[in-house]
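Just below is one structure, and these are the notes that go with it.
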Amino acid sequence: MSLQKIHWMVTLQEVFYPALAAVGIPSNTITFLIILRRNCMLSKSSNFYLMAMSVADNLVLIFIVVLELSVKYYQQEPFWSYDPWCSVRDIFNYGAYNASTWLVVVFTVERFISIHTWKIKTKICTPRCAAWTITTVFLFSHLFAIPYYWSNASVYEKNQTRCIYNPEASLHFIHVLVSFQTLQAYIFPFLIILTLNGLTLRLISLSNRVHVTTNLTSRVSKIMPLLRSRKRKSVVLLVTVSMSFVLLSVTRAITQIILRTTDKYTLDRNDYSLEINIAADAGTMLSLSNAAANMYLYVCTQSKFRQEFFACIRQITFYCKTKL
């Protein structure tokens, strides 16, 4: 039974990760170009955040999905098994993943402020502020990943070169490193996103009740449906992007906490006779799916983006036909 599980999980991941990259990288690139060149009826600050998320997601797909996970199933000794790549690999991996995660968080914060806090909206929800925030997120995401340079080491054992946790590194250092990564990549983002989304939905619900129970003048009553429609679109975009991130990441967050805070920390992660390893790898696949999902979320929830997307598809199809 264990051999069947090993073969099934390895085969699934061999197919899944290259397919994820093949789908995700073009879709993120298309999303970036549509938002950059087309009018999707979004605020300029939202455009900046969504384009930055597309870039960060592509970095996740390139560094983690392609160069690490896909390569390891097709090469016995991947290039990152050797120095200096073994030491710097996780700086790029965790830097990209942290940037992708925290861009969702700051986008959630920015949209929350835009929807509810009119006094500081003009200062926070601007392209200039968005550009500085995005730059800061990318910078600190990679700075916080620098300690991983000292966590890995290239070792030769069992006739194979492998990149593993540095045997000479302090166990306390490794525990602090993985605990901090779990906090900044899962716990803190989840708490912020769930809190702000809960407050958003609660305030929207309260405002709808007030609107129903208040006698409005005819002029205001004509304006309010338009305002509610715009606010509804902002809420749908906010909740869709942020909650899909939480739902796809929660399995990996739970399994990583179990693996890193219990005696299961020393388990062989390639032993698929253990249910926790199957759950952990399934959680990783779901979590990395975040990096390829946003375009499809926009198509499903944003009518203007959907129109621009299909217009681009028609142009590409027409161009291909004229070249044949």
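The values are calculated or read from the model by the stated rules, or taken from the named source; none is laboratory data. Computed from a predicted structure; not experimentally measured. Side chains included, ligands, DNA and RNA excluded: accessible areas come from the protein's heavy atoms. Shrake-Rupley method; radii C 1.70, N 1.55, O 1.52, S 1.80 Å.
Before moving on, here are some points about what is shown:
- In Å², nearest 10: area of residue 70 left accessible to a 1.4 Å probe: 10
- ³J(HN,Hα) computed for each position of the stretch 142-155 - Karplus, 6.51 cos²θ - 1.76 cosθ + 1.60, integer Hz, glycine/proline x: 7, 5, 5, 8, 4, x, 5, 4, 9, 8, 10, 8, 8, 10
- Calculated over the stretch 83-128: convex hull of Cα atoms, volume per residue (Å³): 69
- Distances between placed amide hydrogens fall under 5 Å for residue 43 paired with no residue 5 or more residues away or on another chain.
- Solvent exposure ordering (accessible area, 1.4 Å, most first) of 111, 128, 202, 38: 128, 202, 38, 111
- Lys-Lys pairs in the stretch 38-170 that are eight or more residues apart or on separate chains and whose Cα atoms lie under 21 Å of each other come to 4.
- Computed accessible area, residue 82, all protein chains, 1.4 angstrom probe, square angstrom: 90
- Accessible-area value, residue 14, 1.4 Å probe, nucleic acids and ligands omitted, Å²: 50
- Relative contact order for the stretch 63-182, counting Cα pairs under 8 Å that sit 6 or more residues apart, in percent: 32
- Per-residue ³J(HN,Hα) for the stretch 303-312, Karplus 6.51 cos²θ - 1.76 cosθ + 1.60, θ = phi - 60°, Hz, x for Gly and Pro: 4, 5, 4, 4, 4, 5, 5, 5, 5, 5
- Centroid-to-centroid separation of the stretch 39-53 and the stretch 150-164 [C-alpha atoms, Å]: 43
- Carbon + sulfur, % of accessible area of the stretch 1-110 - ligands and nucleic acids excluded, 1.4 Å: 70
- Each distinct pair of alpha carbons in the stretch 9-155 adds a 1/r term; the inverse of their mean, the Kirkwood radius, is 16.9 Å.
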